[in-house]
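The values are calculated or read from the model by the stated rules, or taken from the named source; none is laboratory data. Owing to the predicted nature of the structure, the values given are computational and were not obtained by experimental measurement. Heads up, the Cβs are rebuilt from the backbone with ideal geometry, glycines too, and the neighbour counts pull from every protein chain shown. Heavy atoms of the whole protein, side chains included, go into the accessibility calculation; ligands, DNA and RNA do not. Shrake-Rupley method; radii C 1.70, N 1.55, O 1.52, S 1.80 Å.
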Amino acid sequence: MVWIILFGGICASFMVAVTEAKHLNILYRRSRCDSCNHTLKWLELIPVASFMLLKGKCSHCKSNIDISSFICELLLIFFYLLPIFYDLSLKDLTLYYLMITILIPVALNDFKTFTIPNHMSLLFLFTGLFLTDLQYIEPFKDIFIILILHLFYLLFSDSVGYGDIKLFTVITLITPVNFFVYTILLTYIIGGLFIIILHFYKSDMPRKIPLVPFITNALILSFILYEEINTIYFGGFL
């Protein structure tokens, strides 16, 4: 378990850097402070612990460290450990770990910037196709879904970003079709509930709301409730 915690924290720190990267040099240069470019020592790179020991400040220039990396480390460690304590309904752990490793950093970036980097969508696509060995591709159904997604974007481009459409396109190619449908439904259920709750606390609604955090939550719920939703949809109430 200790190794999973350490690995989850390291993956989180690296994936945040990759998500926010503007140049490929992030892959081979040493980690630096974003404010003063001070090269970080190994003690400053320990997941979770270094942020807490440094009290969220650079040891060199004392500027605040972006908290998104710390949050990502906590979330990834938690969700890396989840399958140990809870039996996921969809048993494809390779797909589960791929999705949380890529989507949690992307969700945090979307929350901050309202953007989904193209290189992360491409990384998600090619890594997903490789790790799933194309087993979830159903050409006719996938093409139909992708066309519907793009039609939805043409009709409601003011309400949804094209980055979200690209992300949904990747998800439908690397997951079972019914899993994708459950994810879409849960995304908008969770998002709708969030907007309703937000409306009670804020009179002026924000012009933009990032969708990837809701997609990520919906995907995790789909992994947890996959068989239960299958039972309801195909053999239960409907």
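Take region 54-115, drop everything but the C-alpha atoms, weight them equally and run the Debye formula without solvent; then report log10 I(q)/I(0) at 0.12, 0.21, 0.22 Å⁻¹ to two decimals. Reported log10 I(q)/I(0), two decimals: -0.42, -0.88, -0.92.
Here the simple spin-label model places points 7 Å from the Cα toward Cβ, and for residue 1 and residue 181 these points are separated by 3.9 nm. Accessible surface area normalised per residue over region 107-238 is 60 Å², counting heavy atoms of protein chains with a 1.4 Å rolling probe.
Report, as a whole number in µm² per second, the diffusion coefficient that Stokes-Einstein gives for region 135-194 at 37 °C and 0.692 mPa s using the Kirkwood radius over alpha carbon pairs. Value of D from the Cα-based Kirkwood radius: 274 µm²/s.
The distance between label points at residue 208 and residue 188 comes to 2.2 nm (points 7 Å beyond Cα on the Cα→Cβ vector). Once Rh for region 116-162 is found with the Kirkwood sum over Cα pairs, what is the Stokes-Einstein diffusion coefficient at 10 °C and 1.306 mPa s, in µm²/s? For these conditions, the coefficient is 128 µm²/s.
Residue-wise HN-Hα couplings along region 158-166, as the Karplus relation 6.51 cos²θ - 1.76 cosθ + 1.60 with θ = phi - 60° gives them from phi, are 6, 9, 9, x, 5, x, 5, 5, 4 Hz; Gly and Pro carry x. How many angstrom separate the Cα center of region 60-110 from the Cα center of region 166-198? Distance between centres, Cα-based: 18 Å. Shape class for region 171-225: prolate, because the ratio a/c of the largest to smallest gyration tensor axis (alpha-carbon atoms, square roots of eigenvalues) is 1.5 or more and a/b beats b/c. For region 79-212, the share of accessible area belonging to carbon and sulfur comes to 72 percent (1.4 Å probe, ligands and nucleic acids excluded).
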